[in-house]
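The block underneath contains the structure these notes are about, expressed in structure tokens.
The values are calculated or read from the model by the stated rules, or taken from the named source; none is laboratory data. The structure presented is a predicted model; accordingly, all values stated were derived computationally and were not measured. Cβ sites come from the backbone with ideal geometry, for glycine too, and all protein chains shown count toward neighbours. The accessibility values were calculated without ligands, DNA or RNA, using every heavy atom of the protein model including side chains. Shrake-Rupley method; radii C 1.70, N 1.55, O 1.52, S 1.80 Å.
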Amino acid sequence: MDKRTDIISGAAATFEVEGFRGIGVDKVLAPSGASTRTLYKHFGSKDGLVLAVLEERHRRFNRRLECARDHDDAVAVLFDTQRHWLEEHGARGCMLLRARAEFSGASAEIVALVRRQKDEFRDMIAARVQAVLRRHDNSLATQIWLLFEGATAAASVADLSVIDEAKAAAVSLLEAARRSAP
């Protein structure tokens, strides 16, 4: 693993547990053993590192979602992927939304990145809904996106069974949309 990747990996694990803004650079860099000088060389600043961590997290999650894109149950599989992801990474709520909350008044760039990533995710759900229904249904895509985001948040205060409930609700919504098709 190269040093940049090593720093991102260690920082992601630290940010996941400790948060973003209230943690010192030394603690963020400790897992990789990198120096502050190396941080600035690769990322320009701690905020630059946060951006890189969020980009990498988004890329990794999307790569997992791509595996089931063309499946007949492509929407339901989103929730299975979500469950596996949270089992692996822990159910602490969405890292992207936590970063957005911490940086809401401090970094327009981080806030904009999270917005773009959430828009991309919602568009991906819309494409899956369209593939399943064979027609565009923006309202249904938004409802499924809300179920997914809500299940991520709820799993942090309940247990992972809320993902199964969200999945069942999404499947019910899709079935109702299929039945009401002209």
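Numbers for the structure displayed
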item	result
Trypsin sites (Lys or Arg not before Pro) within the range 85-134: DSSP coil, no more than 15 neighbouring Cβ in 10 Å	92, 134
Column: log10 I(q)/I(0), Debye, Cα scatterers of the range 32-120, q = 0.18, 0.25, 0.26 Å⁻¹	-0.90, -1.25, -1.28
q = 0.13, 0.23, 0.27, 0.31 Å⁻¹: log10 I(q)/I(0) that the Debye formula gives for the range 79-131, counting C-alpha atoms only	-0.42, -0.94, -1.01, -1.06
Eligible lysines near residue 167 by straight Cα distance, threshold 20 Å, same-chain separation 8 or greater	118
Share of pairwise Cα separations in the chain, more than 22 Å, in percent	50 percent
Helix-only CD estimate at 222 nm, as mean residue ellipticity for the chain, using -39500 (n - 2.57) per DSSP H run (n ≥ 4)	-24500 deg cm²/dmol
Candidates 108, 13, 155: whichever shows maximal mean-square fluctuation once the chain is modelled as a Gaussian network with Cα springs under 10 Å	108
Nearby aspartates and glutamates by direct alpha-carbon distance to residue 41 (threshold 17 angstrom, same-chain neighbours under 8 apart not counted)	2, 6, 26
Sum of side-chain charges, residue 60 neighbourhood, beta-carbon under 12 Å (Lys, Arg +1; Asp, Glu -1)	0
Counted charge near residue 40, where neighbours are those whose Cβ lies closer than 14 Å (Asp, Glu -1; Lys, Arg +1)	+3
Cross-link reach list, lysines versus residue 27, counting only Cα pairs under 17 Å and skipping chain neighbours closer than eight places	3, 46
Cα point-scatterer Debye curve for the range 102-182, base-10 log of I(q)/I(0) at q = 0.23, 0.25 Å⁻¹	-1.05, -1.13
Net charge, residue 29 excluded, C-beta distance under 13 Å - Lys, Arg +1, Asp, Glu -1	+3
Carbon/sulfur fraction of accessible area - the chain, other protein chains in place, 1.4 Å, %	51 percent
